[in-house]
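The values are calculated or read from the model by the stated rules, or taken from the named source; none is laboratory data. No experiment lies behind these values; they were computed from the predicted model shown. Note that we place each Cβ from the backbone using ideal geometry, even for glycine, and neighbour counts take in every protein chain shown.
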Number of protein chains: 2
Amino acid sequence: MRDTNVSTEAHILEAAFAVFSQNPGASLADVAKHAGVGRATLHRHFSGRDDLIVALTLTAARELDEAVEEATKDCQTYTQALEVALGAILPLAARHMFLATEPADNDPRVAEVYASQTRDLAHDIDMAKAEGGFDPHIPTEWIVQAYENLIYAGWAMVAAGDATPKQAAALAWRTLTQGTAK
Amino acid sequence: MRDTNVSTEAHILEAAFAVFSQNPGASLADVAKHAGVGRATLHRHFSGRDDLIVALTLTAARELDEAVEEATKDCQTYTQALEVALGAILPLAARHMFLATEPADNDPRVAEVYASQTRDLAHDIDMAKAEGGFDPHIPTEWIVQAYENLIYAGWAMVAAGDATPKQAAALAWRTLTQGTAK
DNA sequence: CTCGCATGAGACATATATGTCTCGATTCGC
DNA sequence: GCGAATCGAGACATATATGTCTCATGCGAG
(Lines give C-alpha, C1' and ligand atoms only; values in the text may rest on other atoms or scores of the structure.)
Protein backbone atom coordinates (compact mmCIF):
# COMPACT_ATOMS: atom_id res chain seq x y z
CA MET A 1 0.00 0.00 0.00
CA ARG A 2 1.58 3.25 -1.05
CA ASP A 3 2.27 6.09 1.32
CA THR A 4 -0.53 8.58 0.77
CA ASN A 5 1.64 11.39 2.14
CA VAL A 6 3.59 11.32 -1.09
CA SER A 7 1.97 12.53 -4.27
CA THR A 8 1.01 10.13 -7.02
CA GLU A 9 3.50 11.80 -9.33
CA ALA A 10 6.33 11.28 -6.84
CA HIS A 11 5.35 7.62 -6.48
CA ILE A 12 5.51 7.18 -10.23
CA LEU A 13 8.95 8.78 -10.40
CA GLU A 14 10.26 6.55 -7.60
CA ALA A 15 8.87 3.47 -9.30
CA ALA A 16 10.37 4.57 -12.62
CA PHE A 17 13.86 4.94 -11.08
CA ALA A 18 13.56 1.48 -9.53
CA VAL A 19 12.17 -0.25 -12.62
CA PHE A 20 14.32 1.41 -15.29
CA SER A 21 17.58 1.01 -13.37
CA GLN A 22 16.92 -2.73 -13.39
CA ASN A 23 15.63 -2.84 -16.97
CA PRO A 24 15.92 0.29 -19.13
CA GLY A 25 13.60 -1.28 -21.71
CA ALA A 26 10.75 -1.84 -19.26
CA SER A 27 7.28 -0.67 -20.29
CA LEU A 28 5.11 2.08 -18.86
CA ALA A 29 2.78 -0.68 -17.71
CA ASP A 30 5.65 -2.12 -15.65
CA VAL A 31 6.29 1.29 -14.05
CA ALA A 32 2.57 1.85 -13.31
CA LYS A 33 2.27 -1.57 -11.70
CA HIS A 34 5.36 -1.00 -9.56
CA ALA A 35 4.00 2.42 -8.54
CA GLY A 36 0.65 0.88 -7.63
CA VAL A 37 -1.26 3.12 -10.04
CA GLY A 38 -3.30 2.55 -13.14
CA ARG A 39 -1.75 3.04 -16.59
CA ALA A 40 -4.29 5.76 -17.29
CA THR A 41 -3.15 7.56 -14.15
CA LEU A 42 0.48 7.45 -15.29
CA HIS A 43 -0.71 8.95 -18.58
CA ARG A 44 -2.58 11.67 -16.71
CA HIS A 45 0.64 12.74 -15.01
CA PHE A 46 3.08 12.17 -17.90
CA SER A 47 2.01 12.69 -21.49
CA GLY A 48 4.24 9.87 -22.68
CA ARG A 49 7.37 7.83 -22.16
CA ASP A 50 9.55 10.71 -23.35
CA ASP A 51 7.89 13.10 -20.90
CA LEU A 52 8.55 10.66 -18.06
CA ILE A 53 12.21 10.29 -19.06
CA VAL A 54 12.59 14.08 -19.10
CA ALA A 55 11.07 14.30 -15.62
CA LEU A 56 13.41 11.56 -14.39
CA THR A 57 16.42 13.35 -15.89
CA LEU A 58 15.53 16.65 -14.23
CA THR A 59 14.88 14.89 -10.90
CA ALA A 60 18.20 13.05 -11.12
CA ALA A 61 20.02 16.30 -11.82
CA ARG A 62 18.40 17.97 -8.81
CA GLU A 63 19.24 14.98 -6.57
CA LEU A 64 22.84 15.08 -7.75
CA ASP A 65 23.15 18.83 -7.22
CA GLU A 66 21.64 18.56 -3.73
CA ALA A 67 23.88 15.64 -2.77
CA VAL A 68 27.00 17.46 -3.95
CA GLU A 69 25.96 20.73 -2.27
CA GLU A 70 25.29 18.98 1.05
CA ALA A 71 28.49 16.92 0.97
CA THR A 72 30.80 19.77 0.02
CA LYS A 73 29.40 22.64 2.08
CA ASP A 74 32.33 22.54 4.55
CA CYS A 75 35.10 21.96 2.02
CA GLN A 76 38.01 24.40 2.05
CA THR A 77 39.37 23.78 -1.44
CA TYR A 78 38.01 22.86 -4.85
CA THR A 79 40.23 19.80 -4.92
CA GLN A 80 38.78 18.58 -1.63
CA ALA A 81 35.27 19.38 -2.84
CA LEU A 82 35.78 17.30 -6.00
CA GLU A 83 36.93 14.33 -3.93
CA VAL A 84 34.02 14.63 -1.50
CA ALA A 85 31.56 15.19 -4.35
CA LEU A 86 32.79 12.02 -6.04
CA GLY A 87 31.96 10.10 -2.89
CA ALA A 88 28.49 11.63 -2.82
CA ILE A 89 27.74 11.01 -6.49
CA LEU A 90 28.87 7.39 -6.73
CA PRO A 91 26.01 5.93 -4.64
CA LEU A 92 23.49 7.77 -6.87
CA ALA A 93 24.91 6.07 -9.94
CA ALA A 94 22.89 2.91 -9.41
CA ARG A 95 19.69 4.91 -9.52
CA HIS A 96 20.63 7.37 -12.26
CA MET A 97 22.90 5.43 -14.62
CA PHE A 98 20.16 4.12 -16.96
CA LEU A 99 19.49 7.73 -18.00
CA ALA A 100 22.89 7.82 -19.74
CA THR A 101 21.53 5.50 -22.42
CA GLU A 102 18.33 7.48 -22.95
CA PRO A 103 18.43 9.79 -25.96
CA ALA A 104 16.69 12.76 -24.35
CA ASP A 105 19.16 15.47 -25.35
CA ASN A 106 16.70 16.97 -27.84
CA ASP A 107 14.61 18.30 -24.96
CA PRO A 108 15.96 21.81 -24.29
CA ARG A 109 15.52 21.48 -20.51
CA VAL A 110 17.54 18.27 -20.49
CA ALA A 111 20.19 19.69 -22.79
CA GLU A 112 20.48 22.78 -20.55
CA VAL A 113 20.77 20.70 -17.38
CA TYR A 114 23.49 18.49 -18.86
CA ALA A 115 25.36 21.50 -20.24
CA SER A 116 25.08 23.33 -16.93
CA GLN A 117 26.39 20.36 -14.94
CA THR A 118 29.31 19.87 -17.32
CA ARG A 119 30.13 23.62 -17.16
CA ASP A 120 30.05 23.56 -13.36
CA LEU A 121 32.29 20.48 -13.18
CA ALA A 122 34.73 21.97 -15.70
CA HIS A 123 34.80 25.23 -13.74
CA ASP A 124 35.54 23.40 -10.47
CA ILE A 125 38.30 21.40 -12.16
CA ASP A 126 39.82 24.62 -13.52
CA MET A 127 39.78 26.10 -10.01
CA ALA A 128 41.33 22.91 -8.62
CA LYS A 129 44.04 23.18 -11.28
CA ALA A 130 44.77 26.74 -10.09
CA GLU A 131 45.15 25.30 -6.57
CA GLY A 132 47.67 22.79 -7.87
CA GLY A 133 45.24 19.88 -7.59
CA PHE A 134 45.58 18.81 -11.24
CA ASP A 135 48.30 19.02 -13.87
CA PRO A 136 47.53 22.21 -15.88
CA HIS A 137 48.85 20.54 -19.05
CA ILE A 138 46.05 18.00 -19.08
CA PRO A 139 42.91 19.27 -20.88
CA THR A 140 40.01 20.03 -18.57
CA GLU A 141 37.68 18.19 -21.00
CA TRP A 142 39.69 15.03 -20.36
CA ILE A 143 39.60 15.39 -16.57
CA VAL A 144 35.79 15.86 -16.80
CA GLN A 145 35.52 12.65 -18.87
CA ALA A 146 37.86 10.73 -16.59
CA TYR A 147 36.04 11.95 -13.45
CA GLU A 148 32.63 10.82 -14.74
CA ASN A 149 33.87 7.54 -16.15
CA LEU A 150 35.78 6.58 -13.02
CA ILE A 151 32.57 7.19 -11.07
CA TYR A 152 30.90 4.74 -13.45
CA ALA A 153 33.73 2.27 -12.90
CA GLY A 154 33.21 2.62 -9.14
CA TRP A 155 29.51 1.99 -9.52
CA ALA A 156 30.27 -1.15 -11.53
CA MET A 157 32.54 -2.39 -8.68
CA VAL A 158 29.78 -1.83 -6.14
CA ALA A 159 27.17 -3.45 -8.40
CA ALA A 160 29.45 -6.48 -8.79
CA GLY A 161 29.94 -6.68 -5.03
CA ASP A 162 33.69 -6.13 -5.38
CA ALA A 163 33.79 -2.97 -3.25
CA THR A 164 31.79 -0.83 -0.87
CA PRO A 165 30.77 2.64 -2.12
CA LYS A 166 33.44 4.16 0.15
CA GLN A 167 36.17 1.85 -1.17
CA ALA A 168 35.09 2.42 -4.76
CA ALA A 169 35.11 6.21 -4.29
CA ALA A 170 38.61 6.04 -2.76
CA LEU A 171 39.87 3.93 -5.67
CA ALA A 172 38.32 6.30 -8.20
CA TRP A 173 39.87 9.38 -6.59
CA ARG A 174 43.25 7.63 -6.17
CA THR A 175 43.22 6.71 -9.89
CA LEU A 176 42.12 10.15 -11.05
CA THR A 177 44.89 11.88 -9.09
CA GLN A 178 47.78 9.41 -8.64
CA GLY A 179 46.93 6.64 -11.10
CA THR A 180 47.34 2.95 -10.29
CA ALA A 181 51.05 2.55 -10.87
CA LYS A 182 53.34 2.48 -7.86
CA MET B 1 25.66 -1.00 -55.08
CA ARG B 2 27.16 -3.45 -52.68
CA ASP B 3 30.40 -5.25 -53.24
CA THR B 4 29.46 -8.71 -54.48
CA ASN B 5 32.80 -10.12 -53.31
CA VAL B 6 31.57 -9.91 -49.74
CA SER B 7 28.89 -12.30 -48.52
CA THR B 8 25.39 -11.08 -47.83
CA GLU B 9 25.79 -11.99 -44.18
CA ALA B 10 28.96 -9.89 -43.88
CA HIS B 11 27.16 -6.96 -45.51
CA ILE B 12 24.36 -7.22 -42.99
CA LEU B 13 26.82 -7.27 -40.08
CA GLU B 14 28.66 -4.21 -41.44
CA ALA B 15 25.39 -2.35 -41.91
CA ALA B 16 24.28 -3.33 -38.40
CA PHE B 17 27.50 -1.94 -36.85
CA ALA B 18 27.04 1.31 -38.76
CA VAL B 19 23.33 1.71 -38.03
CA PHE B 20 23.29 0.61 -34.38
CA SER B 21 26.33 2.66 -33.39
CA GLN B 22 24.40 5.73 -34.58
CA ASN B 23 21.06 4.63 -33.13
CA PRO B 24 20.96 1.55 -30.89
CA GLY B 25 17.15 1.52 -31.14
CA ALA B 26 17.10 1.31 -34.92
CA SER B 27 14.89 -1.36 -36.51
CA LEU B 28 15.84 -4.44 -38.52
CA ALA B 29 14.22 -2.71 -41.48
CA ASP B 30 16.74 0.13 -41.06
CA VAL B 31 19.62 -2.34 -41.01
CA ALA B 32 18.31 -4.24 -44.06
CA LYS B 33 17.90 -1.01 -46.01
CA HIS B 34 21.42 0.13 -45.11
CA ALA B 35 22.76 -3.27 -46.10
CA GLY B 36 20.93 -3.12 -49.42
CA VAL B 37 19.07 -6.35 -48.77
CA GLY B 38 15.45 -7.29 -48.28
CA ARG B 39 14.02 -7.71 -44.78
CA ALA B 40 13.22 -11.32 -45.61
CA THR B 41 16.85 -11.88 -46.54
CA LEU B 42 18.01 -10.48 -43.21
CA HIS B 43 15.58 -12.91 -41.56
CA ARG B 44 17.01 -15.76 -43.63
CA HIS B 45 20.47 -15.05 -42.24
CA PHE B 46 19.51 -14.11 -38.68
CA SER B 47 16.53 -15.68 -36.93
CA GLY B 48 15.79 -12.50 -35.06
CA ARG B 49 17.07 -9.27 -33.57
CA ASP B 50 18.62 -11.16 -30.65
CA ASP B 51 20.43 -13.50 -33.03
CA LEU B 52 21.84 -10.52 -34.91
CA ILE B 53 23.01 -8.88 -31.67
CA VAL B 54 24.75 -12.12 -30.65
CA ALA B 55 26.50 -12.29 -34.03
CA LEU B 56 27.57 -8.64 -33.67
CA THR B 57 28.91 -9.29 -30.18
CA LEU B 58 30.95 -12.30 -31.30
CA THR B 59 32.28 -10.37 -34.32
CA ALA B 60 33.23 -7.41 -32.14
CA ALA B 61 35.07 -9.69 -29.73
CA ARG B 62 37.00 -11.28 -32.59
CA GLU B 63 37.88 -7.86 -34.05
CA LEU B 64 39.08 -6.70 -30.64
CA ASP B 65 41.18 -9.82 -30.05
CA GLU B 66 42.71 -9.54 -33.52
CA ALA B 67 43.49 -5.84 -33.10
CA VAL B 68 45.13 -6.43 -29.72
CA GLU B 69 47.08 -9.46 -30.97
CA GLU B 70 48.39 -7.56 -34.00
CA ALA B 71 49.27 -4.41 -32.04
CA THR B 72 51.05 -6.20 -29.19
CA LYS B 73 52.93 -8.94 -31.01
CA ASP B 74 56.32 -7.20 -30.57
CA CYS B 75 55.81 -6.00 -26.99
CA GLN B 76 58.47 -7.00 -24.47
CA THR B 77 56.45 -6.56 -21.27
CA TYR B 78 52.87 -6.94 -20.14
CA THR B 79 52.80 -3.32 -19.08
CA GLN B 80 53.86 -2.18 -22.55
CA ALA B 81 51.35 -4.55 -24.13
CA LEU B 82 48.52 -3.10 -22.04
CA GLU B 83 49.43 0.42 -23.15
CA VAL B 84 49.68 -0.56 -26.81
CA ALA B 85 46.47 -2.61 -26.58
CA LEU B 86 44.64 0.40 -25.18
CA GLY B 87 45.68 2.37 -28.25
CA ALA B 88 44.41 -0.40 -30.51
CA ILE B 89 41.09 -0.83 -28.71
CA LEU B 90 40.08 2.83 -28.44
CA PRO B 91 39.38 3.35 -32.17
CA LEU B 92 37.11 0.27 -32.15
CA ALA B 93 34.98 1.80 -29.41
CA ALA B 94 32.94 3.89 -31.83
CA ARG B 95 31.89 0.77 -33.69
CA HIS B 96 31.44 -1.56 -30.70
CA MET B 97 30.22 0.67 -27.87
CA PHE B 98 26.47 0.29 -28.53
CA LEU B 99 26.81 -3.41 -27.61
CA ALA B 100 27.49 -2.41 -23.99
CA THR B 101 23.86 -1.39 -23.63
CA GLU B 102 22.48 -4.58 -25.21
CA PRO B 103 21.32 -7.14 -22.66
CA ALA B 104 22.71 -10.21 -24.41
CA ASP B 105 24.49 -11.82 -21.47
CA ASN B 106 21.93 -14.60 -21.31
CA ASP B 107 23.37 -16.13 -24.47
CA PRO B 108 26.04 -18.59 -23.28
CA ARG B 109 28.37 -17.77 -26.19
CA VAL B 110 28.21 -14.06 -25.37
CA ALA B 111 28.62 -14.69 -21.65
CA GLU B 112 31.65 -16.92 -22.34
CA VAL B 113 33.25 -14.35 -24.66
CA TYR B 114 32.82 -11.55 -22.12
CA ALA B 115 34.10 -13.73 -19.29
CA SER B 116 37.08 -14.85 -21.35
CA GLN B 117 38.03 -11.31 -22.28
CA THR B 118 37.76 -10.12 -18.69
CA ARG B 119 39.87 -13.10 -17.50
CA ASP B 120 42.53 -12.38 -20.11
CA LEU B 121 42.66 -8.69 -19.19
CA ALA B 122 42.82 -9.50 -15.47
CA HIS B 123 45.61 -12.02 -16.11
CA ASP B 124 47.62 -9.47 -18.10
CA ILE B 125 47.14 -6.88 -15.36
CA ASP B 126 48.33 -9.38 -12.74
CA MET B 127 51.43 -10.07 -14.84
CA ALA B 128 52.02 -6.31 -15.25
CA LYS B 129 51.74 -5.97 -11.45
CA ALA B 130 54.44 -8.61 -11.06
CA GLU B 131 56.61 -6.52 -13.39
CA GLY B 132 56.06 -3.48 -11.18
CA GLY B 133 53.72 -1.83 -13.66
CA PHE B 134 50.84 -1.41 -11.20
CA ASP B 135 50.54 -1.00 -7.44
CA PRO B 136 49.97 -4.53 -6.06
CA HIS B 137 47.76 -3.11 -3.29
CA ILE B 138 45.11 -2.00 -5.79
CA PRO B 139 42.58 -4.74 -6.61
CA THR B 140 42.92 -6.16 -10.09
CA GLU B 141 39.12 -5.92 -10.50
CA TRP B 142 39.42 -2.16 -10.08
CA ILE B 143 42.24 -1.81 -12.61
CA VAL B 144 40.14 -3.82 -15.10
CA GLN B 145 37.20 -1.46 -14.52
CA ALA B 146 39.37 1.65 -14.72
CA TYR B 147 41.11 0.41 -17.90
CA GLU B 148 37.81 -0.22 -19.71
CA ASN B 149 36.16 2.96 -18.50
CA LEU B 150 39.10 5.19 -19.38
CA ILE B 151 38.93 3.70 -22.89
CA TYR B 152 35.30 4.75 -22.96
CA ALA B 153 36.29 8.23 -21.76
CA GLY B 154 38.84 8.39 -24.57
CA TRP B 155 36.23 7.40 -27.12
CA ALA B 156 33.95 10.14 -25.80
CA MET B 157 36.75 12.69 -26.29
CA VAL B 158 37.26 11.55 -29.89
CA ALA B 159 33.50 11.51 -30.55
CA ALA B 160 33.27 15.07 -29.23
CA GLY B 161 36.17 16.13 -31.43
CA ASP B 162 38.25 17.12 -28.39
CA ALA B 163 41.13 14.74 -29.12
CA THR B 164 42.58 12.46 -31.76
CA PRO B 165 42.52 8.71 -31.01
CA LYS B 166 46.26 8.86 -30.31
CA GLN B 167 45.92 11.79 -27.91
CA ALA B 168 42.95 10.17 -26.17
CA ALA B 169 44.83 6.88 -25.76
CA ALA B 170 47.83 8.73 -24.28
CA LEU B 171 45.58 10.59 -21.82
CA ALA B 172 43.84 7.35 -20.81
CA TRP B 173 47.15 5.54 -20.19
CA ARG B 174 48.62 8.55 -18.38
CA THR B 175 45.56 8.67 -16.07
CA LEU B 176 45.51 4.93 -15.45
CA THR B 177 49.17 4.88 -14.45
CA GLN B 178 50.12 8.35 -13.12
CA GLY B 179 46.74 10.01 -12.61
CA THR B 180 46.06 13.65 -13.54
CA ALA B 181 47.58 15.42 -10.55
CA LYS B 182 51.01 16.96 -10.91
C1' DC C 1 20.02 -24.62 -71.64
C1' DT C 2 18.44 -26.17 -67.22
C1' DC C 3 18.33 -26.41 -62.47
C1' DG C 4 19.28 -25.05 -57.90
C1' DC C 5 20.11 -21.46 -54.86
C1' DA C 6 19.68 -16.98 -53.10
C1' DT C 7 17.25 -13.02 -53.18
C1' DG C 8 13.65 -8.83 -53.08
C1' DA C 9 9.16 -7.33 -52.69
C1' DG C 10 5.08 -7.35 -50.71
C1' DA C 11 1.23 -9.39 -48.36
C1' DC C 12 -0.22 -11.10 -44.17
C1' DA C 13 -0.03 -12.32 -39.31
C1' DT C 14 1.55 -11.64 -34.61
C1' DA C 15 3.14 -9.17 -30.72
C1' DT C 16 3.88 -5.50 -27.79
C1' DA C 17 3.67 -0.91 -26.32
C1' DT C 18 1.40 3.13 -26.15
C1' DG C 19 -2.37 6.47 -26.15
C1' DT C 20 -7.26 7.70 -25.44
C1' DC C 21 -11.63 7.36 -23.51
C1' DT C 22 -15.43 6.14 -20.44
C1' DC C 23 -17.49 4.77 -16.26
C1' DG C 24 -17.78 3.90 -11.55
C1' DA C 25 -15.51 4.52 -7.10
C1' DT C 26 -13.18 7.08 -3.57
C1' DT C 27 -11.63 11.00 -1.10
C1' DC C 28 -11.67 15.57 0.45
C1' DG C 29 -13.19 20.23 1.12
C1' DC C 30 -16.91 23.31 1.74
C1' DG D 1 -24.60 16.05 1.66
C1' DC D 2 -22.75 17.56 -2.51
C1' DG D 3 -19.53 18.65 -5.90
C1' DA D 4 -14.98 18.49 -7.61
C1' DA D 5 -10.87 16.15 -8.26
C1' DT D 6 -8.41 12.10 -8.73
C1' DC D 7 -8.11 7.55 -9.64
C1' DG D 8 -8.33 2.29 -11.48
C1' DA D 9 -9.98 -0.83 -14.69
C1' DG D 10 -10.86 -2.08 -18.96
C1' DA D 11 -12.19 -1.36 -23.69
C1' DC D 12 -10.70 0.35 -27.85
C1' DA D 13 -7.60 2.43 -31.21
C1' DT D 14 -3.07 3.34 -33.09
C1' DA D 15 1.63 2.53 -34.12
C1' DT D 16 5.64 0.11 -34.84
C1' DA D 17 8.45 -3.78 -35.13
C1' DT D 18 8.93 -8.29 -36.12
C1' DG D 19 8.19 -12.81 -38.19
C1' DT D 20 6.45 -15.81 -41.94
C1' DC D 21 5.23 -16.93 -46.43
C1' DT D 22 4.80 -16.83 -51.44
C1' DC D 23 6.06 -15.65 -55.96
C1' DA D 24 8.95 -13.95 -59.44
C1' DT D 25 13.66 -12.92 -60.72
C1' DG D 26 18.54 -13.34 -61.39
C1' DC D 27 22.80 -15.65 -61.24
C1' DG D 28 26.02 -19.30 -61.44
C1' DA D 29 27.33 -24.02 -62.09
C1' DG D 30 27.10 -28.09 -64.63
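Output the number of residues of the stretch A:18-34 satisfying the condition of being outside any helix (DSSP H, G or I) and not small (Gly, Ala, Ser).
Count: 2.
Among the residues of the stretch B:119-135, is any facing chain A (nearest Cβ under 9 Å), touching a residue at least 60 places away in the same chain (Cβ under 8 Å) and buried (at least 18 other Cβ atoms within 10 Å of the Cβ)?
No, the stretch B:119-135 has no match at all.
Just to be sure before I move on: is B:Gln76 assigned by TED's automatic domain parsing to the domain that holds B:Tyr114, over 22 Å from B:His45 (Cβ atoms) and not in a helix (DSSP H, G or I) in the structure I sent?
yes
Every residue, every condition in (1) surrounded by fewer than 14 Cβ atoms within 10 Å (Cβ to Cβ); (2) within 16 Å of DNA strand D (Cβ to nearest atom); (3) assigned to a helix (DSSP H, G or I), yes or no:
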position	(1), (2), (3)
B:Val37	no, yes, no
B:Thr41	no, yes, yes
B:Asp50	no, yes, yes
B:Ala55	no, yes, yes
B:Ala67	no, no, yes
B:Ile89	no, no, yes
B:Arg95	no, no, yes
B:Leu99	no, yes, yes
B:Asn106	yes, yes, no
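Return the pair list, or none, for Cβ contacts closer than 7 Å from residues in the stretch A:26-44 that are within 14 Å of another protein chain (Cβ to nearest Cβ) to residues that are more than 9 Å from DNA strand C (Cβ to nearest atom), at least 6 apart or on different chains.
A:Ala26/A:Val19; A:Ala26/A:Phe20
Go through the stretch B:140-162 and give me each residue that's more than 7 Å from chain A (Cβ to nearest Cβ) and closer than 21 Å to B:Arg95 by Cβ.
B:Tyr147, B:Glu148, B:Ile151, B:Gly154, B:Trp155, B:Val158, B:Ala159, B:Ala160, B:Gly161
Can you name the condition, by its number, that A:Phe20 falls short on among (1) within 16 Å of DNA strand C (Cβ to nearest atom); (2) away from chain B (no Cβ under 14 Å); (3) crowded, with 20+ Cβ neighbours inside 10 Å?
(2)
Tally time: how many residues in the stretch B:163-182 are within 7 Å of chain A (Cβ to nearest Cβ) and closer than 11 Å to A:Ala146 by Cβ?
5
Scan the stretch A:37-54 for residues that are touching a helix residue (DSSP H, G or I) at 6+ places or on another chain (Cβ under 7 Å) and not charged (D, E, K, R) and report the count.
Final tally of qualifying residues: 8.
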